[in-house]
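Chemist: Have a look at the structure that comes next, please.
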Amino acid sequence: MQETYNWKYDWNDRLQDEGTWDRVRGNIRAEWGDLTDQEVEQARGNFEQFVGTIKQKTGQTADAIERKFEEWAA
């Protein structure tokens, strides 16, 4: 039986860590510059809310957004 890795839960934890947050926030601002600082901060620690905010602002799919986070985690 193969165990699945819940990387969404991991991102919630990662977004709480200051060092990781600073790095990820830079990637977020570079990738989705039309998000406001307030929107980015409000979603911190709630990955699903964050994906929803990005979807709403950019029209990208959740899969495309999640793939970006997976790239950053590599």
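The values are calculated or read from the model by the stated rules, or taken from the named source; none is laboratory data. Note that the structure is a prediction, hence the values are computed from the model and not measured. All Cβ positions, even for glycine, are placed from backbone atoms using ideal geometry, and neighbour counts span all protein chains on display. Remember, those area values only see protein heavy atoms, side chains included, never the ligands or the DNA or RNA. Shrake-Rupley method; radii C 1.70, N 1.55, O 1.52, S 1.80 Å.
Chemist: Looking at segment 51-65, which of its residues are in a helix (DSSP H, G or I) and free of Cβ contacts under 8 Å to residues at least 24 places away in the same chain?
Modeler: Just the residues of segment 51-65 that are in a helix (DSSP H, G or I), to begin with: 51-58, 62-65.
Correct list: 51, 52, 53, 54, 55, 56, 62, 63, 64, 65.
Chemist: Just checking, how many residues over segment 55-74 are over 22 Å from residue 22 (Cα atoms), open to solvent by 70 Å² or more (accessible area, probe 1.4 Å) and not hydroxyl-bearing (Ser, Thr, Tyr)?
Modeler: Residues that pass the stated criteria total 2.
Chemist: Could you identify the single residue in 39, 48 that is in a helix (DSSP H, G or I), of a type in the set (D, E, K, R), surrounded by 12 or more Cβ atoms within 10 Å (Cβ to Cβ) and without any contact (Cβ under 8 Å) to a residue 40 or more places away in the chain?
Modeler: 39 is the lone residue from the list that is in a helix (DSSP H, G or I), of a type in the set (D, E, K, R), surrounded by 12 or more Cβ atoms within 10 Å (Cβ to Cβ) and without any contact (Cβ under 8 Å) to a residue 40 or more places away in the chain.
Chemist: Additional query: State all residues of segment 21-36 that are surrounded by fewer than 15 Cβ atoms within 10 Å (Cβ to Cβ) and assigned to a helix (DSSP H, G or I); if no residue qualifies, say none. Give the steps one after another, and end with the answer.
Modeler: Pass one, segment 21-36, residues surrounded by fewer than 15 Cβ atoms within 10 Å (Cβ to Cβ): 22-23, 26-27, 29-30, 33-34, 36.
Scanning segment 21-36 gives 22, 23, 26, 27, 29, 30.
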